[in-house]
Amino acid sequence: MSDYVKMWEDLGMDLETHDALCQVLPTAFGDVYLSQENRPEGMGFWDFVVSEIHGIRPSELIEAQKNGQKVFGTFCVYVPDEVVIAANGIVTGLCGGSQFWVPGGEKVLPKNTCPLIKASVGARLDRTCPFFRIADIYVGENTCDGKKKAYEILAEDVPMHVMDVPQMKRPEDIERWAHEIEIFAGVVEEQTGNKVTVEKLNEAIKIINNKRKALKRVYDARKADKLPISGKDALLMMQIAFFDDPVRCAEMCNKLADELEQRIADGVSVFPEGTKRILLTGTPLAIPNWKLHHIIETSGAAVVCEEMCTGTRYFENLVDEEQTTLEGQYKALAERYMKNNCACFTPNEGRIDDIIRLAKEYKVDGVIDVNLKFCSIYDTEGFFVERALKEAGIPVLGIETDYTDSDAEQLKTRVEAFIEMLG
Amino acid sequence: MYYIGIDIGSTGAKTAVLDEAGRIIDTFAQPTGWSSVDTAEAIRKTLVEKGFSPEEGKVVSTGYGRVAVPFSDKTVTEITCHAKGATRIFDDSDICVIDIGGQDTKIILVEDGFVKDFVMNDKCSAGTGRFLEVMANTLAMRPDELCTLAKSGGNTSISSLCTVFAESEVISLIGRGEKKENIAFGVVDSIVKKVAIQAKRIYRPGVRAVLTGGLCECDYICEALSKELKTEVTTLPEARFAGAIGAALLAM
């Protein structure tokens, strides 16, 4: 990634510290990804993006900024990309998936904050994430207490807009979320200098729906008895979807889906017959958090689905494309986004239904409920998740972990024992 | 033909040998030391001396050092092995196995001889053999002595779950002149409470509870666990070898 040094310098990044990250990532990627056999050719695109993760997309974003476009950094699948795109803005995900950034976050946050929040804040404050340097504005949301307060800290350093996500799902909450989206549209218009019109928003809704459909096609291929793609590869596609241009993302996912569908027709699988099928549910897996997928897939099982924000929650449910007024569109957006089942809602039975439905659709042998350490809402909800799965006769293993490797052996023992238990 | 099970735990390495009929013909234990590879080699030598050359038998290894046994034919996790071994030792296929190991505690629910569910402690050493070992060291005793002494103590509790903090708590109790048996009571009580909380996550009343692992020679642990779980927790001397016996059974 050496061609980008000048760009990183211009972004005001801490080059020395950032270099340390650039040095470890290729090794980690090689060990976890390139060691896999018979990968789909279509993964070449994502391999390339990872190899230049802090270079290629950031340089595109900077080019776009030169042409007057504004970049919105987001943290959560609740923030509607459609509104930003309608105003000719660009949405990007932000760094937050590595232990590398955690100590930076711990300088200002309590230790018992989840690693995702600590890493995000650390990546910004330590100036080691180009996306966190590029974005013109950051859009947060109050999906947990840790984030809420972390955004206040970030707001001292960057322009920040926080969306108020309702904590229940009554009709009035959906109304309220539609209103929040309208307020957000105002912020977007002000930031970009462009109007959000019915036509533009409709176009944007279609763009994001197409991206959702393409991601879903890849996921659907994982329902096949003979798995054409590893869980790790599917996860990589999903993680990068948060950063990529949505049109290109859809195009690449569709291309990959074509190949996977051909593999299914040809009976090509990346796992031996009888490999146990695992559904992961829980907190998000931000890039480059591949820890649990790697442990599972080197212990004789395959991850076939993720009921996570970096998974089905990102693409399930489409936004109605038939609305003819902004009001109707905001309502349609609100309805779609409120179908996301985050543990910040009470009650959140929809998530339990989703897990059981997905377990059947993807024909899983067992479910692993994985939560980031100190995420109390998901951890607590684990009680219902595990009980419901046991009642449904689906084996379940609960795991709490962070970004460090210090518990890798313990996790491996647990995961292997779980797989042995599946018979 | 014989079947060998090797369980290299964090503290102790246990070996069991079964004959063709599945009878236990030998068991032996040694400290794991600092190198699982060296321990595996020492086990191999002992096996050869005893006339059970690993090359001529089938070997399954388990425990944290399971991958460090170059002569094993297969590795299986200690969860599956403990379940299998306990089923055999206690001659019961529906049991709840409580294994207090050196660095982790496992509660395994066994139904029809198969693992139905299990829980393990997280990275923290509270409620494990290590906790007991550290506290025994502080009191200049052997772990089994501490366990026995605990029976005659009472009225003391160690509130820190963290081993490091608990150690300083024990030191201040010593400084205050607290009786040794009372401190021992507090230490065992702390482990038992932690294990019981874990066990209650999956334990179903009516299921027979058994104790395996390094602490099963200490009657008082069973007694205290029984009280805490409100069910009789039993053990047998061989239960210390449950993992190794289970591994040997899985080699068959």
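Data for the structure
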item	result
Elements of type strands (runs of 3 or more DSSP E) in segment B:92-196, at least 2 residues being more than 14 Å from chain A (Cβ to nearest Cβ) and either at pLDDT 90 or above or within 30 Å of B:Leu250 (Cα to Cα) (or both)	B:95-100
Count of segment A:230-282 residues which are outside any helix (DSSP H, G or I) and of a type outside the set (D, E, K, R)	16
Breaking point among (1) at negative phi; (2) in contact (Cβ under 8 Å) with a residue 24 or more places away in the chain; (3) of a type outside the set (Ser, Thr, Tyr), for A:Arg127	(1)
Listing of helices (runs of 4 or more DSSP H) fully contained in segment A:327-423 that carry 3 or more residues being without any contact (Cβ under 8 Å) to a residue 12 or more places away in the chain, in contact with an Asp or Glu (Cβ under 8 Å, 6 or more places away or on another chain) and within 14 Å of chain B (Cβ to nearest Cβ)	A:408-421
Residue match in segment A:222-230 (condition: in contact with a helix residue (DSSP H, G or I) (Cβ under 6 Å, 6 or more places away or on another chain), more than 30 Å from A:Cys95 (Cα to Cα) and free of Cβ contacts under 8 Å to residues at least 60 places away in the same chain)	yes
Filter result for the condition that a residue is of a type in the set (Lys, Arg) and surrounded by 23 or more Cβ atoms within 10 Å (Cβ to Cβ), over A:Lys216, A:Lys211	A:Lys211
Members of segment A:14-28 found to be surrounded by 15 or more Cβ atoms within 10 Å (Cβ to Cβ) and closer than 15 Å to A:Ile56 by Cβ, listed by number	A:Cys22, A:Leu25
Which listed residue, of A:Met168, A:Met160, is within 30 Å of A:Asn112 (Cβ to Cβ) and touching a helix residue (DSSP H, G or I) at 6+ places or on another chain (Cβ under 7 Å)	A:Met160
Residue match in segment A:2-13 (condition: part of a loop (DSSP other than H, G, I, E, B), surrounded by 12 or more Cβ atoms within 10 Å (Cβ to Cβ) and not β-branched (Val, Ile, Thr))	yes
Residue within segment A:14-32 that is touching a Lys or Arg at 6+ places or on another chain (Cβ under 7 Å) and touching a residue at least 12 places away in the same chain (Cβ under 8 Å) present	yes
All positions within segment B:96-113 that are over 20 Å from A:Ile419 (Cα atoms) and surrounded by fewer than 24 Cβ atoms within 10 Å (Cβ to Cβ)	B:Gly102, B:Gln103
Residue among B:Val188, B:Val192, B:Val233 that is in contact with a strand residue (DSSP E or B) (Cβ under 8 Å, 6 or more places away or on another chain) and either closer than 30 Å to B:Thr27 by Cα or among the hydroxyl-bearing types (Ser, Thr, Tyr) (or both)	B:Val233
Selection within segment A:311-326 - of a type outside the set (Asp, Glu) and part of a loop (DSSP other than H, G, I, E, B)	A:Gly311, A:Asn317, A:Leu318, A:Val319, A:Gln323, A:Thr324, A:Thr325
Identity of the residue in segment A:354-413, among the polar types (S, T, N, Q) and under 17 Å from A:Ile296 (Cβ atoms), that ends up surrounded by the fewest Cβ atoms within 10 Å (Cβ to Cβ)	A:Gln410
Condition check for B:Pro31: under 14 Å from the mean Cα position of the chain (by Cα) and not assigned by TED's automatic domain parsing to the domain that holds B:Leu215	yes
Set A:Ile287, A:Ile295, A:Ile355: member being in contact with a strand residue (DSSP E or B) (Cβ under 9 Å, 6 or more places away or on another chain) and not charged (D, E, K, R)	A:Ile355
Evaluation of A:Phe184 against (1) assigned to a helix (DSSP H, G or I); (2) out of contact with any Phe, Trp or Tyr (no Cβ under 9 Å at 6 or more places or on another chain); (3) surrounded by fewer than 20 Cβ atoms within 10 Å (Cβ to Cβ) (one fails), failing number	(3)
Qualifying residue in segment B:201-213 (condition: under 11 Å from the mean Cα position of the chain (by Cα), part of a loop (DSSP other than H, G, I, E, B) and surrounded by fewer than 24 Cβ atoms within 10 Å (Cβ to Cβ))	no
Output for segment B:67-86, where each listed residue is within 14 Å of chain A (Cβ to nearest Cβ) and either surrounded by fewer than 16 Cβ atoms within 10 Å (Cβ to Cβ) or free of Cβ contacts under 8 Å to residues at least 60 places away in the same chain (or both)	B:Val67, B:Lys74, B:Thr75, B:Thr77, B:Ile79
Residue match in segment A:294-310 (condition: assigned to a loop (DSSP other than H, G, I, E, B) and buried (at least 24 other Cβ atoms within 10 Å of the Cβ))	no
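The values are calculated or read from the model by the stated rules, or taken from the named source; none is laboratory data. Quantities reported herein were computed from a predicted structural model and do not represent experimental measurements. Ideal geometry is used to build each Cβ from the backbone, glycine not excepted, and the neighbour counts take in all protein chains shown.
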